[in-house]
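The values are calculated or read from the model by the stated rules, or taken from the named source; none is laboratory data. On a predicted model such as this, the values are computed, not experimentally measured, just so you know. In this analysis, Cβ positions are derived from the backbone assuming ideal geometry, glycine residues included, and neighbour counts consider all displayed protein chains. These area figures cover heavy atoms from the full protein model, side chains too; ligands, DNA and RNA do not enter into them. Shrake-Rupley method; radii C 1.70, N 1.55, O 1.52, S 1.80 Å.
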Amino acid sequence: VMSIGWAASDDGFGWTRQAGEAVSGALLEPSDGQVFIGWPQLLERPQEDCAILSYHAMQAGRFVICAATSSDELTWAPQGCCFDVSSDPAAFDAGSVSARCILPHPSTPESYVMFYEAQSKDRRHAIGMATSSDGLQWERATSRPVFAPANGEDSWDSGAVARPWVVALEDGSARMYYLGRSASGAQA
């Protein structure tokens, strides 16, 4: 079963696996109804003396975004699904929501913005955006993707855009890195 583990390093190059609190030795295992969990991202909330671990899970036949909380970053309490697929069956994110990148919101202190991989019911991948005041409950920022596959079958990313990772730059702008897939299935 795919679970979340952790490792420690003194230099950022050599890593040593650490035992987690779960029976298997993992840091966090799937909860009831979840087939597996993965793609963790840690959010520290020092003002509340806690941390949030955001991850996605396969449950009920779709990917959803979940969270767990901890006061010591060793023992985690799952909080369940914090961002589910759209209830609109025609929405770009009605099939699954999964890999995400969460950043402090640039204009609202103590809140967050999340860029997430979305899949429609017909399995078309795009990237959406949501916001949260606490890192646990999320609201869609728009009903449309913020980044979609390119038009035209000749484009290198016309088949899918996925796995967003956003880096905030010093000048206030941001850069998004992502996985693109062509219509023929080549990825870059």
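Heavy-atom surface analysis with a 1.4 Å probe gives segment 97-184 a carbon and sulfur content of 49 percent of its accessible area. Looking at segment 133-188, the chymotrypsin sites (Phe, Trp or Tyr not before Pro) that sit in a DSSP loop and have at most 15 other Cβ atoms within 10 Å of their own Cβ are W156.
For L103, the solvent-accessible surface computed with a 1.4 Å probe is close to 40 Å², ligands and nucleic acids excluded. Sequentially through segment 70-80, phi angles give Karplus couplings (6.51, -1.76, 1.60; θ = phi - 60°) of 7, 9, 10, 6, 10, 10, 10, 10, x, 9, x Hz, Gly and Pro residues having no value and appearing as x. Residues whose amide H comes within less than 5 Å of that of A160, counting only those at least five positions distant or on another chain, are R181 (H built at 1.01 Å from N in the peptide plane). The heavy atoms of D11 present about 100 square angstrom of accessible area, all protein chains included, probe 1.4 Å.
Relative contact order of segment 138-188: 33 percent, from C-alpha pairs under 8 Å at least 6 residues apart in sequence. Given in Å, the Rg to one decimal and the Dmax to the nearest whole number for the Cα atoms of segment 117-179 are 13.4, 42.
Placing +1 on the Cβ of every Lys and Arg and -1 on the Cβ of every Asp and Glu, with no other charges, gives segment 1-150 a dipole of roughly 780 debye about its Cα centre. Other residues whose C-beta falls under 9 angstrom from the C-beta of S182 contribute a net charge of -2, scoring Lys and Arg +1 and Asp and Glu -1.
In the chain, taking the dipole from charged Cβ atoms about the Cα centre, the farthest positive-side position among G185, S96, A60 is held by G185.
Structural descriptor for segment 40-163: relative contact order 17 percent, calculated from alpha carbon pairs under 8 angstrom and at least 6 residues apart. Between P46, P106, P89, the residue with the greatest mean-square fluctuation in the GNM of the chain (Cα pairs under 10 Å linked by springs) is P46.
Taking V35, V97, V113 as the candidate residues, the one with maximal mean-square fluctuation in a Gaussian network model of the chain, Cα springs under 10 Å, is V35.
Shape class for segment 1-109: oblate, because the ratio a/c of the largest to smallest gyration tensor axis (alpha-carbon atoms, square roots of eigenvalues) is 1.5 or more and b/c is at least a/b. Any idea what the relative contact order of segment 1-50 is, in percent, if you count C-alpha pairs under 8 Å spaced at least 6 apart? Dividing the mean separation by the residue count of segment 1-50 yields 35 percent. The chymotrypsin sites (Phe, Trp or Tyr not before Pro) of segment 1-63 that DSSP puts in a loop, and whose beta carbon has at most 14 other beta carbons within 10 Å, are F13, W15.
Note down the Stokes-Einstein diffusion coefficient of the chain in µm²/s, whole number, using a Kirkwood radius over alpha carbon pairs, 10 °C, and 1.306 mPa s. Reported coefficient: 90 µm²/s.
The residues neighbouring G95, those whose beta-carbon lies less than 9 Å from its own, together hold a net charge of +2 under the Lys/Arg +1, Asp/Glu -1 convention.
Using a Gaussian network model of the chain in which every pair of alpha carbons under 10 angstrom is joined by a spring, one finds that among E21, E170, E48 the greatest mean-square fluctuation is at E170. Here the Karplus relation 6.51 cos²θ - 1.76 cosθ + 1.60, evaluated at θ = phi - 60°, turns the backbone of segment 35-44 into coupling constants of 7, 7, 9, x, 6, x, 9, 8, 10, 8 Hz, with x for every Gly and Pro.
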